[in-house]
Amino acid sequence: MIIRTLSVASAVLLVSLGFAPDSQAQERSFTEVGENLYWVQNNNHHAMVLVGTDGVILVDPIGGDFAQWVRGEIQQRFGVPVRYVAYSHHHDDHASGGAAFNDTATFVGHENMLGYLEMPPAGTALPAAAAALDANGDGQLQRGETSGDYEELFELYDDDGDGAINGAEATRGPFSDVRAPDIVFKDRMTLTVGGAEAELIHVGRMAHSNDMTAVVFPEQSVVFVVDFISLNRLPFQTMASGQLNAWLNAIRVVEALDVDIVAPSHGLLGTQEDVAAHRHYIEELRDEVAAGIARGASLTELQDEIQMAAYQDWISYNNWRTLNIEGMYRMLTQ
Ligand SMILES: [Zn+2]
């Protein structure tokens, strides 16, 4: 397991330094983190596979290509079908592609996931960021007008496939390949398949998203966490979603769990010590940015001054430190 973890670490590090493998060369692997429990890599993302005697629980299908690949791997390695697809949260880069399991699986997610997937009424106006790109002023984005996420995720936004992102589609988000849950839960739900057990725990609203779910595998003493905790890696870019105190509270929910191994979707396998380190990073960043705001420093000054040097070995320190400062500055001033 240690050797495998090191090779995952170097793959993640290469990507963070900008040597991303080309789109054909996918970094995919199964790492056994407990009996019948696997941390499954798709480049910088991870899913979980729990194997029971007559079926599998998959947490996060990640995307259409990965879902097809992992379906084949599960069939070949274990010879049993996926009985449940459980969602950490609704974001497309974790929740897309589940339809690959429509024939065998029941889909489970937090009740707040449903609202995110609902299409707003026809005639909804483009949100401001999209309206700014609407060069011909027709109220929707043709492909040639897009940039950023709208360009990269065009098909996932364009739910009706008419070649343009309308106001409702832009407002909802890039979720057309997210298969909605059949069963939702409020606080906790236990899934069992062939003697194997997974417990879904809602970690609170506004913790990255309102539907954020940690998944505990009690027999293996493992918890899977996505996006609101990454281990040995900085929080993603400007940490744009969620609310600071709700985020910290959600991390404390995980810290209170009695588990030995923490398997994050992003970053390295770790323990509760690494979860605490992730929280300390956020708290130290908060305190430094707050002190700077209090003495009237500008964002640019803070981006020069605040080094967070204790964390310079973490993945994406060089790329995301100043973006993290920007995100914290916004959280504390808006
Ligand atoms: Zn997310």
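Every read-out reported here was derived from the displayed coordinates using simple, explicitly stated rules and does not represent laboratory data. This is a predicted model, so every value here is computed, not measured. We place every Cβ from the backbone using ideal geometry, glycine too, and count neighbours over all the protein chains shown.
Side notes on the structure shown:
- Per-residue Karplus couplings for segment 269-279, computed as 6.51 cos²θ - 1.76 cosθ + 1.60 with θ equal to phi - 60°, are listed in order as 4, x, 10, 4, 4, 6, 5, 4, 5, 4, 5 Hz, Gly and Pro entered as x.
- Remark: segment 40-57, residue by residue, has Karplus-estimated 3J(HN,Hα) of 10, 8, 10, 6, 8, 10, 10, 10, 10, 10, 10, 9, x, 5, 10, x, 10, 9 Hz, where x stands for each Gly or Pro and the curve is 6.51 cos²θ - 1.76 cosθ + 1.60 at θ = phi - 60°.
- The modelled label-to-label distance between residue 54 and residue 298, using points 7 Å beyond Cα along the C-beta direction, is 6.7 nm.
- Selection of GluC sites (Glu not before Pro), segment 31-97, meeting DSSP coil and at most 16 other Cβ within 10 Å: 35
- Since only 89, 282, 185 are under comparison, the one whose Cα sits farthest along the positive direction of the charge dipole of the chain, derived from C-beta charges on Lys, Arg, Asp and Glu, is 282.
- With each label modelled as a point 7 angstrom along the Cα→C-beta vector, the residue 280-residue 182 pair spans 4.5 nm.
- Net length gained if the chain between residue 152 and residue 309 were fully extended (0.36 nm per residue, minus Cα distance): 53.2 nm
- Given in Å, the Rg to one decimal and the Dmax to the nearest whole number for the Cα atoms of the chain are 20.2, 62.
- Stokes-Einstein D in µm²/s, Kirkwood radius over Cα pairs - segment 43-165 at 4 °C with 1.567 mPa s viscosity: 79
- In the chain, helical runs assigned H by DSSP with n ≥ 4 each contribute -39500 (n - 2.57); averaged across all residues and rounded to the nearest 500, the mean residue ellipticity at 222 nm is -10000 deg cm²/dmol.
- Net dipole in debye of segment 107-242 [+1 Lys, Arg Cβ; -1 Asp, Glu Cβ; about Cα centre; nearest 20]: 580
- For segment 258-307 versus segment 209-250, the gap between their alpha-carbon centres in whole angstrom: 13
- Here r is the Cβ-Cβ distance between residue 197 and residue 256 and R0 is 22 Å; the resulting FRET efficiency, rounded to 0.05, is 0.70.
- Here the extension length gained between residue 132 and residue 190 equals 16.4 nm, from 0.36 nm per residue of separation less the Cα-Cα distance.
- Per-selection metrics, segment 98-250 (Cα): Rg and Dmax in Å: 18.2, 58
- Here the Karplus relation 6.51 cos²θ - 1.76 cosθ + 1.60, evaluated at θ = phi - 60°, turns the backbone of segment 325-334 into coupling constants of 5, 4, x, 5, 4, 5, 4, 8, 10, 9 Hz, with x for every Gly and Pro.
- Its Cα gyration tensor gives segment 125-165 an equivalent ellipsoid. The semi-axes, each the square root of 5 times an eigenvalue, are 14, 11, 9 Å from largest down.
- Estimated FRET transfer efficiency when R0 is 35 angstrom, pair residue 32-residue 333 (beta carbons, to 0.05): 0.20
- Over segment 93-188, the hull volume per residue, using the convex hull of the C-alpha atoms, is 114 Å³.
- Summed side-chain charge close to residue 70 - residues other than residue 70 whose Cβ falls under 11 Å, Lys, Arg +1, Asp, Glu -1: 0
- Over segment 125-165, relative contact order from alpha-carbon pairs under 8 Å, at least 6 apart, %: 33
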